[in-house]
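The values are calculated or read from the model by the stated rules, or taken from the named source; none is laboratory data. Since this is a predicted model, take the numbers as computed values, not measurements. A quick note on method: Cβ atoms are made from the backbone with ideal geometry, for glycine too, and the neighbour counts reach across all protein chains shown. Note: areas computed on protein heavy atoms with side chains; ligands, DNA, RNA excluded. Shrake-Rupley method; radii C 1.70, N 1.55, O 1.52, S 1.80 Å.
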Amino acid sequence: MLVLAAGIALRLSETVQARLWLDEYLVLEIASAPTTAAVAGMLSRDANPPLYFLLAHAVLGAPFDPEVALRFLSLLAGALTAILASWAAWRRWGPFPAAVAATLVSFSAIAIHFSAEMRPFALLGLLTLLHLEVLDRAIARPSAAALVGEGLLIVLATSLHPYGAPLLFVGPAVCVATGRLTQLPRQLLVTVAAGAALVPTALLPIWRVAPGTNEYLDDLWRGRGPAAPLGLLLRDLLPTSRWPSSIPLPPEPLLRAAEGGAALLAAALATTALAAWFRRPRAWRPDSYAAAVLVLLAGSAAMAGLFSAIGRPIVAPGRFAASLVAPFALAVAAASRARPAARGLAAALATLAVFAASFRVAHPPPRGLRPEALSAEVLGRNAIGPSLVLSVGLSGVPLRYALRGRPDVTFRSYPLEIEGHVGWWAPRRALGRPEDLARDADVLARAATAAARAGVRVFLEGADHPVAAPLLRALAPSFRARPLNRLDAGLVELVPLADAPAGNGR
């Protein structure tokens, strides 16, 4: 109980200190569309599964602070995930495995961070555990209710995020792995039924997205080889995980040693469990629940490796691992029963989790003002009266949300295609289309000139981005760029050359 209480306290602290950042602004941008049909339309263009955005849309229409409500929803999901993982281990394997599972989930930096975010990953983790629980009952005591519940949880999880897709195959794989072949037809039926619902709504749209659209992931893994994402996944799942998650090793020697020790302990635990499993007579054998956990982890790793190998990487630091932290903890808890040595190894991993969490509390990361918040603050002080804001890439998303109560402020995006696809931004691809950029720059330059002649103040956000160069050239004959804040070089006011005094904004 003390471990769970400490984990909930860490999540609450993270939630209180959380600050909006771009991906959360994108959630609010899409969810703030006027109707559910409009939300669904935006999602269909950007290939995002609909469930979390529709949930956020409902929250935005409720009479309370949407940011607090959505963060509290993630906090609640994260806390329940830790409690459910502990309870599942206790019920099946006893108090020691339960303590191990509770410690690894409660003190995971990845799990703590996503329990404070306005994104679907904490909810996905909870639904993943609920699915494993219902699946175990559906295999042990099959019933129509259990099978329907299992299929519904698969649909809900994958409709939150495509990272839930491996759940489709866990049931059939567990039946084969545990020799319960009489249950295989039922599990295949669940997979087919859930897949029929998910393919057109969540999976096919993602597959249709052109390779290279997500330039962040392409740039992240370029030249690293298809196994690199798997290495990051393991590091994110280990009890020494950290946030912000990063590919390089931590700079502190103590943390590097702890991470290396955690990797060695996990490898030793896996080896010990496998040795006990293959021993004749078998000293240990995973039950159907442990088998499901292992199948899910192996399936997720296989999916990550496959997509990397075909040039469509899907592993993002932290995000991919967030829903797998509890299954990993349960795998460690199950393996701790293999032999006395395995018990010691699992206890050592739990001890490292406590150490890593204590280190983070003692050495908190600096939390300055986020650039998005600074831009919104500066623009809010300077956009007095009717204003037009030209934004490069997704830089206008936070501004639109911050100034959503200002009907006198209008926004245009550059390149123009972003206005129809708010969820995707591929700067390198945009730079490869100079003719399109020049055309869009001319359109926006004419709009800015017309607005200025009508007495509207014109601002540009993202002026320091390479994609903005054609737009700056198109604006140069008519405007002078006036900096507004020395800490935000990308936000400028476009002052008509006829009346362009020197000086800074407020």
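Counting only C-alpha contacts under 8 Å and six or more residues apart, can you give the relative contact order of the range 212-276 as a whole percent? Intermediate values should be presented prior to the final figure.
Working: 20 pairs, mean separation 15.3, N = 65.
Here the relative contact order equals 24 percent.
Roughly how far apart, in whole Å, are the Cα centres of the range 17-43 and the range 459-494?
Taking the Cα centre of each part, the range 17-43 and the range 459-494 sit 26 Å apart.
Give me log10 I(q)/I(0) at q = 0.12, 0.16, 0.21 Å⁻¹ for the range 97-235, Debye formula, one equal scatterer per alpha-carbon, no solvent.
The calculated log intensity ratios at q = 0.12, 0.16, 0.21 Å⁻¹ are -0.63, -1.04, -1.29.
Given the options LEU349, ALA430, LEU374, identify the residue whose Cα lies farthest towards the positive end of the charge dipole of the range 314-460 (+1 on Cβ of Lys, Arg; -1 on Cβ of Asp, Glu).
So the residue furthest toward the plus end is LEU349.
For the chain, with the dipole built from +1 on Lys and Arg beta-carbon atoms and -1 on Asp and Glu ones, taken about the Cα centre, which of VAL39, GLY261, ALA451 lies farthest toward the positive end?
Ranked along the dipole, the leading option is GLY261.
Three principal axis extents, largest first, for the C-alpha atoms of the range 272-313, in Å?
In descending order, the Cα extents are 44, 19, 12 Å.
For q = 0.15 Å⁻¹, what log10 I(q)/I(0) does the range 390-470 give under the Debye formula with an equal point scatterer on each alpha carbon and no solvent?
The Debye formula, applied to the Cα set alone, gives -0.53.
Given the peptides 176-188, 345-357, arrange them by the average over their residues of other C-beta atoms within 10 Å, most packed first.
Highest mean packing first, the order is 345-357, 176-188.
List the pair-distance distribution P(r) of the chain, using every Cα-Cα distance, as the percent of pairs falling in each 20 Å bin from 0 up to the bin containing the longest distance, rounded to whole percents.
21, 50, 24, 5, 0
Rounded to two decimals, what is Rg over Rh for the range 375-424 when you use alpha-carbon atoms and the Kirkwood radius?
Ratio value, two decimals: 0.96.
In what order, largest first, do ASP218, ASP408 sit by accessible area if the probe radius is 1.4 Å?
Descending accessible area places them as ASP408, ASP218.
Roughly what would the spin-label model give for VAL148 and GLU252, points 7 Å off Cα along C-beta, in nm?
It is 5.2 nm.
Set the Förster radius R0 to 30 Å, insert the Cβ-Cβ distance between ALA476 and ASP218 as r into 1/(1 + (r/R0)^6), and round the FRET efficiency to 0.05. List each step's numbers first, then the result.
Numbers: r = 32 Å, r/R0 = 1.08.
With R0 = 30 Å, the Cβ-Cβ based efficiency is 0.40.
In whole angstrom, how long is each semi-axis of the equivalent ellipsoid of the range 32-80, when you take the square root of 5 times every eigenvalue of its Cα gyration tensor and sort them from largest down?
Sorted largest first and rounded, they come to 22, 14, 6 Å.
Near LEU475, within a Cβ-to-Cβ distance under 11 Å, what is the net charge of the other residues, with Lys and Arg +1 and Asp and Glu -1?
For residues surrounding LEU475, the net value is +2.
Order these peptides, 28-36, 162-170, by their mean beta-carbon neighbour count within 10 angstrom, highest first.
Peptide ranking by packing, descending: 162-170, 28-36.
Over the range 205-323, give the accessible area per residue in Å² for a 1.4 Å probe, as an integer. Can you show the working numbers first?
On the way: 5630 Å² over 119 residues.
Accessible surface, normalised per residue, equals 47 Å².
Taking only protein heavy atoms and a 1.4 Å probe, what accessible area per residue, in Å², does the range 1-59 have with all protein chains in place?
Ligands and nucleic acids excluded, the result is 45 Å² per residue.
Can you send over the carbon and sulfur percentage of the accessible area for the chain, probe radius 1.4 Å, protein chains only?
That fraction is 67 percent.
Averaged per residue, what accessible surface does the range 96-193 expose to a 1.4 Å probe, in Å²?
32
How long is the gain from ALA302 to ALA9 if the chain were fully straight, where each residue apart is worth 0.36 nm and the alpha carbon distance is subtracted? Display every interim value, and only then the final one.
On the way: separation 293, 0.36 × 293 = 105.48 nm, distance 3.43 nm.
So the chain would gain 102.0 nm between ALA302 and ALA9.
Which of the peptides 9-17, 98-106 is most tightly packed, and how do the rest follow, judged by the mean count of other Cβ atoms within 10 Å per residue?
Ranking, from highest mean packing down: 98-106, 9-17.
P(r) tail for the range 316-451, what percent of Cα pairs lie past 27 Å?
The answer is 51 percent, as a whole percent.
Could you give the length gained on full extension between LEU184 and ALA37, defined as 0.36 nm per residue of separation minus the Cα-Cα distance, in nm? Don't skip to the answer; put the middle values down first.
Numbers: separation 147, 0.36 × 147 = 52.92 nm, distance 3.85 nm.
Going from the current span to full extension adds 49.1 nm.
In whole angstrom, how far apart do the alpha carbon centroids of the range 100-164 and the range 385-448 sit?
First find each Cα centre; the distance between them is then 38 Å.
Working out 0.36 nm times the residue gap between ARG91 and ASP442, then minus their Cα-Cα distance, what length gain in nm do you get to one decimal? Write down the numbers at each step before the final one.
On the way: separation 351, 0.36 × 351 = 126.36 nm, distance 6.63 nm.
So the extension gain works out to 119.7 nm.
Taking the convex hull of the alpha carbon atoms in the range 325-404, what volume per residue do you get, in Å³? All intermediate terms of the calculation are to be shown ahead of the outcome.
Values: hull volume 10.8 nm³, N = 80.
Looking at the range 325-404, the number lands at 135 Å³ per residue.
Give me the percent relative contact order of the chain, please, defined on Cα pairs under 8 angstrom at least 6 residues apart.
Relative contact order, the chain: 16 percent.
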